[in-house]
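Structure first, then comments.
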Amino acid sequence: MQQTFTDDALQAFTDAIGGLAIALARQIDPAKLTADLRMLADEAERAGMGHSAGLLHEVARTVEVRVLAQ
């Protein structure tokens with residue numbers, strides 16, 4: 001039996017990953033973390049992993065908005 005994620009479950013995972021990235025960014029250099037996440041997203045996009053790239057870009061944006069903009 002194959003299980004599928006609902007949009008709510010996917011949003012919950014995205015929010016949780018974003019929260020982890022915020023906590024990590026507060027412990028290390030948030031600008032470097034954002035740059036690293038963007039680099040990984042670009043690599044994922046080039047490898048044809050669009051969903052992963054999108055999530056990585058979203059997490060990088062979360063760090064920018066929640067940590068770097070403060």
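Some observations on this one:
- Residue count for segment 1-29, restricted to those that are within 14 Å of E64 (Cα to Cα) and more than 13 Å from the chain's Cα centre (by Cα): 3
- Residue among R26, R38, R66, R46 that alone is open to solvent by 90 Å² or more (accessible area, probe 1.4 Å) and at pLDDT 95 or above: R46
- Only residues that are without any contact (Cβ under 8 Å) to a residue 24 or more places away in the chain and either aliphatic (A, V, I, L, M) or open to solvent by less than 80 Å² (accessible area, probe 1.4 Å) (or both) were counted in segment 7-23, giving 7.
- Candidate set: segment 49-63, residues that are without any contact (Cβ under 8 Å) to a residue 24 or more places away in the chain and surrounded by 14 or more Cβ atoms within 10 Å (Cβ to Cβ); chosen: the one farthest from Q11 (Cα to Cα): M49
The values are calculated or read from the model by the stated rules, or taken from the named source; none is laboratory data. What you see is a predicted model, and the numbers here were worked out from it, not measured in a lab. Cβ sites come from the backbone with ideal geometry, for glycine too, and all protein chains shown count toward neighbours. For accessibility, only protein heavy atoms count, side chains too; no ligands or nucleic acids. Shrake-Rupley method; radii C 1.70, N 1.55, O 1.52, S 1.80 Å.
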